[in-house]
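Below you'll find the structure, written out as structure tokens, and then a few comments.
The values are calculated or read from the model by the stated rules, or taken from the named source; none is laboratory data. Everything quoted here is computed from the prediction, not taken from an experiment. Quick reminder, even Gly has a Cβ in these numbers, built from the backbone with ideal geometry, and neighbours come from all protein chains shown. We work out accessible area using only protein heavy atoms, side chains counted, and drop any ligands, DNA or RNA first. Shrake-Rupley method; radii C 1.70, N 1.55, O 1.52, S 1.80 Å.
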Amino acid sequence: MTRTPPPSLSLEERRAALEKAKESRRVRAEVKRSITLGEMTIFDAINDPREAVRRMRVIDLLSALPGVGKARATLIMERRNISPTRRIGGLGQLQLKALGKELSVGKVDPARGNLIVISGPGGVGKSTITNQLRGDPRFWVSVSATTREPRPSERDGVDYFFYSHEKFQEMIDSGEFLEWAEFAGNRYGTPRSPVDEWRTLGKHVILEIEIAGARQVRVSEPGATLIFISPPSWDELVRRLAGRGTDSPERRAARLALAEQEMAAAREFDAILVNEKVDALIAELVSLATA
Ligand code: 5GP
């Protein structure tokens, strides 16, 4: 039997790989040093998008905290059910929360995350934008509650929490919503406590909500950044709404009338971003949201 020899790297490729590994080691050492000196919190590291940091082991990061050390770090990880080989980029949401609780006892405070509201007329591409932000570790996208029926592709607890009218009313009565509004015959609301928890952990929280809800956030959270997503032109919006296809002429007319009202609210927002090229828009949005 003949065997193919393992692929060998050219000298150039080996040199590049060694350089990359050296740079990753440098970044990791710098992060650990900054944590030990208190120049950086562990939450800054968790939110750091650089690959070298995301591949760091959680245990190394915890051990670098002043007054923690390897033994206590191991104990914290065991108590919170985090595998000793887990890397930062692989931490699940529950594990992050658990770690946050543990460390707040140790008085390590992350800077509180910002609150960002994204609104705009139907058909402008808000969900494409929030879907992209979901993959960015600096952000947490809120999951709203609604009384509307799930669409075929939607999952409970992921796209929305689908609640009965009774359950939704109970949540209103007990003050569990940061904001809520009626839209096209259904109710939609932002559960308050996850927003607070994630902001405490240093995540910038994104709400993708309609205009009436945005106005409530403006009043209850004056520090929030309100961003309006606008289509490149009215004609383009009409085209995008028509592209959805399945609507009756009456339903389409109702949607256009609603979009007109929504467009009129743009000037109440802190920033208006035009959705012409989605990548450029996201870059602008990220810089506003993380400011
Ligand atoms: P859809 O039913 O198409 O998913 O959403 C309809 C509208 O409700 C969209 O404009 C969406 O931004 C808005 N919406 C979704 N969740 C919330 C929420 O929690 N609060 C408010 N006020 N609006 C929401």
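The sole residue among 122, 189 that is farther than 30 Å from residue 53 by Cα, open to solvent by less than 40 Å² (accessible area, probe 1.4 Å), at pLDDT below 95 and within 12 Å of the ligand (Cβ to nearest atom) is 122. For the range 126-141, filtered to residues that are buried (at least 16 other Cβ atoms within 10 Å of the Cβ) and within 15 Å of the ligand (Cβ to nearest atom), the residue that is farthest from residue 39 (Cα to Cα) is 126.
Filter the range 107-119 for residues that are touching a strand residue (DSSP E or B) at 6+ places or on another chain (Cβ under 9 Å) and either near the ligand (Cβ under 8 Å from one of its atoms) or of a type in the set (Val, Ile, Thr) (or both) and give the result. Within the range 107-119, 116, 117, 118, 119 meet the criteria.
If we scan the range 165-178, do we find a residue that is within 18 Å of the chain's Cα centre (by Cα), part of a strand (DSSP E or B) and either surrounded by 15 or more Cβ atoms within 10 Å (Cβ to Cβ) or not assigned by TED's automatic domain parsing to the domain that holds residue 93 (or both)? Scanning the range 165-178, I find at least one residue that is within 18 Å of the chain's Cα centre (by Cα), part of a strand (DSSP E or B) and either surrounded by 15 or more Cβ atoms within 10 Å (Cβ to Cβ) or not assigned by TED's automatic domain parsing to the domain that holds residue 93 (or both), so the answer is yes.
With the structure loaded, tell me whether residue 50 is at pLDDT 85 or above and of a type outside the set (Ser, Thr, Tyr) or whether it fails that test.
Working: at pLDDT 85 or above: yes; of a type outside the set (Ser, Thr, Tyr): yes.
Yes, satisfied.
Scanning the range 142-164 for residues that are under 22 Å from the mean Cα position of the chain (by Cα), among the polar types (S, T, N, Q) and assigned to a loop (DSSP other than H, G, I, E, B), we see that the one that is nearest to the ligand (Cβ to nearest atom) is 144.
Within the range 192-220, take every residue that is among the acidic types (Asp, Glu) and either over 29 Å from residue 99 (Cα atoms) or modelled with pLDDT of 95 or more (or both) and give me the one that is most open to solvent (accessible area, probe 1.4 Å).
Here is the first cut: in the range 192-220, the residues among the acidic types (Asp, Glu) are 196-197, 208, 210.
If we keep only those that are either over 29 Å from residue 99 (Cα atoms) or modelled with pLDDT of 95 or more (or both) as well, we get 208, 210.
Values: 208: 68, 210: 38 Å².
Looking at residues that are among the acidic types (Asp, Glu) and either over 29 Å from residue 99 (Cα atoms) or modelled with pLDDT of 95 or more (or both), I get 208.
The lone criterion from (1) more than 18 Å from residue 286 (Cα to Cα); (2) within 12 Å of the ligand (Cβ to nearest atom) left unmet by residue 200 is number (2).
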